[in-house]
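The values are calculated or read from the model by the stated rules, or taken from the named source; none is laboratory data. This one's a predicted model, so the numbers in the text were calculated from it and none came from an experiment. Don't worry about glycine lacking a Cβ; one is built from the backbone with ideal geometry, like all the others, and counts go over all protein chains shown. For accessibility, only protein heavy atoms count, side chains too; no ligands or nucleic acids. Shrake-Rupley method; radii C 1.70, N 1.55, O 1.52, S 1.80 Å.
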Amino acid sequence: MSYELFKKDTVRIYLLNEVVNEKTSGIQVYLESEGREKDFLTVRKTSASSYQFNNFIVKEKAEENCIEIKPNVVGCPAYLLVTSDKDIELEVVRNGSSSVDRSFDMVAGEVKIEFAPEGYTKYNLSVNQVMTAYSAEAIEETASNVKVELHELTEDTEKLLKDIEETNNEVTDKRKKKEQLLTEKTALDSEHTELTESIKKLSTAITDTEAEKQKLADDKAHLTDKLEKIKVEYDKDYAAYSDEIEEIKRNYDVDVEILKYYEDKDVTPIEELIDRAKKDIEQIEEQIRVFVEAKARKTAEIEAELKLGKKE
């Protein structure tokens, strides 16, 4: 596996305790300029956690069980040969970044990390499994386990995809149902608005009808009262009043002389008083005439019916 590594980029190897303290793992360092491999323990400086080895800066982080190797400049070819009885974890972090850009998970055994320079700008980093500490049976068992896990993962993935599809379908159905309910709600709101308006109009019409009904009742009462008064007047013997009216008219000339006598003593002009008296007499005569004629017509109708009855 090849990977571009620039100066100031960092390679992390998570085996510090195993290499330095437990001695269960080891690292051989090779520089082309020296022409031979060296044990990492012979080049490390115990007095400092950060030191320079040829063109590389080495930093040890005990709290993370990590050895960091950073090319300070791009120089001669080099490699690290890492051996471990446990799986080997490698990471690359770009210069100026805190996140991992690339990771290499290698199995227990021997792993070669090569730094092949390309000009003076970068290394081509290669990480290869040289040999493994696992037996053929262990590898086969691991492979079998991996197949089982892969099969289970495939089944889980298929189930997850199916669940996602069902969930998406359910979400789609619920979205459609929501849109349908919103449409129905809009229609109901419109219908409610129309119904409210109709109720207002009906209420106004009822109020107007009640007012009209009350007016008709008032008119009826007024007409009934008027008819009662007419009936009372109709039942009176208007013919008997004729002589009395004539008497009033005969006395009227005398009364005029009396009114003239009080001409200067009353604030109301005599002409107005005389005019009022004339109008009152005219109104009395007219009312007598209407009722007398009405009674005469009624009497004539009765007599005609009587005569018709006698002929039969």
Number of positions in the range 40-66 that are closer than 19 Å to N95 by Cα, of a type outside the set (D, E, K, R) and in contact (Cβ under 8 Å) with a residue 40 or more places away in the chain: 1
Residue in the range 294-308 that is touching an Asp or Glu at 6+ places or on another chain (Cβ under 8 Å), of a type outside the set (A, V, I, L, M) and either modelled with pLDDT of 70 or more or surrounded by 11 or more Cβ atoms within 10 Å (Cβ to Cβ) (or both) present: no
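Results for (1) open to solvent by 50 Å² or more (accessible area, probe 1.4 Å); (2) in a loop (DSSP other than H, G, I, E, B); (3) within 13 Å of I13 (Cα to Cα), shown as yes or no for each residue.
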{"position": "V73", "(1), (2), (3)": "yes, yes, no"}
{"position": "L81", "(1), (2), (3)": "no, no, yes"}
{"position": "L90", "(1), (2), (3)": "no, no, yes"}
{"position": "G96", "(1), (2), (3)": "yes, yes, no"}
{"position": "E114", "(1), (2), (3)": "yes, no, no"}
{"position": "P117", "(1), (2), (3)": "no, no, no"}
{"position": "N128", "(1), (2), (3)": "yes, no, no"}
{"position": "M131", "(1), (2), (3)": "yes, no, no"}
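So that you can scan it fast, the table gives a plain yes or no per residue for (1) open to solvent by 90 Å² or more (accessible area, probe 1.4 Å); (2) at pLDDT 85 or above; (3) of a type in the set (D, E, K, R); (4) in a helix (DSSP H, G or I):
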{"position": "A221", "(1), (2), (3), (4)": "no, yes, no, yes"}
{"position": "D225", "(1), (2), (3), (4)": "no, no, yes, yes"}
{"position": "K231", "(1), (2), (3), (4)": "yes, no, yes, yes"}
{"position": "A240", "(1), (2), (3), (4)": "no, no, no, yes"}
{"position": "I245", "(1), (2), (3), (4)": "no, no, no, yes"}
{"position": "R250", "(1), (2), (3), (4)": "yes, no, yes, yes"}
Test set (1) under 60 Å from the mean Cα position of the chain (by Cα); (2) open to solvent by less than 70 Å² (accessible area, probe 1.4 Å); (3) touching a residue at least 40 places away in the same chain (Cβ under 8 Å) - S2 fails condition number: (2)
Selection within the range 47-66 - in a loop (DSSP other than H, G, I, E, B) and at pLDDT below 95: S47, A48, S49, N54, N55
Selection count where residues are closer than 22 Å to D87 by Cα and open to solvent by 40 Å² or more (accessible area, probe 1.4 Å), scope the range 40-64: 6
Some residue of the range 129-136 being over 23 Å from N65 (Cβ atoms), at pLDDT 90 or above and in contact with a strand residue (DSSP E or B) (Cβ under 8 Å, 6 or more places away or on another chain): yes
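Under the condition of being surrounded by 12 or more Cβ atoms within 10 Å (Cβ to Cβ) and without any contact (Cβ under 8 Å) to a residue 24 or more places away in the chain, which residue from the range 18-39 is farthest from I113 (Cα to Cα)? Full working, then the answer.
Initial filter on the range 18-39 (surrounded by 12 or more Cβ atoms within 10 Å (Cβ to Cβ)): 18-20, 24-32, 34, 37-39.
Pick out the ones that are also without any contact (Cβ under 8 Å) to a residue 24 or more places away in the chain and you get 34, 38-39.
Working: E34: 17, K38: 14, D39: 15 Å.
Ranking the qualifying residues of the range 18-39, first place goes to E34.
Conditions tested, residue by residue: (1) part of a strand (DSSP E or B); (2) not hydrophobic (A, V, I, L, M, F, W, C).
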position	(1), (2)
I27	yes, no
L41	no, no
K45	no, yes
E68	yes, yes
